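Asks: Take this structure first; my questions come after.
Values quoted throughout were computed directly from the atomic coordinates according to the rules given, and no laboratory measurement underlies them. Since this is a predicted model, take the numbers as computed values, not measurements. Don't worry about glycine lacking a Cβ; one is built from the backbone with ideal geometry, like all the others, and counts go over all protein chains shown.
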Amino acid sequence: MRRFALLGCAAGFVSSFANTAPAEETISLVGAWQRCDPVNGCSKFAFFPNGRVIEQYRVGGRTVTAYGRYHIRGTALKIGWHRFAPAEICAAGADTSAGAETKCTSSSQDDVKGPFYFEGPNMLIWSAAGMAPLPFVRIEL
């Protein structure tokens, strides 16, 4: 008799879970993302919960780290950059202390804004103004 009572309780417990709606998966921008193309190579983004973003990309054979802030307004993602290290990339052998004309390139980039959406939890598509949609893949660091 006791077994039947326990079995009845277990069956009721299981059926109560079976009738609940499945939880929706929340997809988050927070994390590390990467985008690669054959011309410029790969760039990596790290989005933090506090609204900060860091990007690493290559310019003239050197890795540049950009620091900024991001904002999400509905389906639009905006990134405002405020610091780049190094600030400029000079050609090999360029003597910056001499007054001679050197071939240096600024490592900065413009702020970017555009709509974005997720294709599953590990793929982000971002469309910036005047550019083809940029696919980003979530990566583990």
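Asks: Given H placed on each backbone N at 1.01 Å, which residues far from V59 in sequence or on other chains put an amide H within less than 5 Å of it?
Replies: Result for V59 returns V64.
Asks: If you plug each phi of region 33-47 into the Karplus form 6.51 cos²θ - 1.76 cosθ + 1.60 with θ = phi - 60°, what whole-Hz ³J(HN,Hα) values come out, in order, with x for Gly and Pro?
Replies: 10, 9, 9, 10, 9, x, 7, 9, x, 9, 10, 10, 10, 10, 9
Asks: If you don't mind, another one. Put a dot 7 Å past each Cα toward the Cβ at H82 and Y67; how far apart are the dots in nm?
Replies: 0.9 nm
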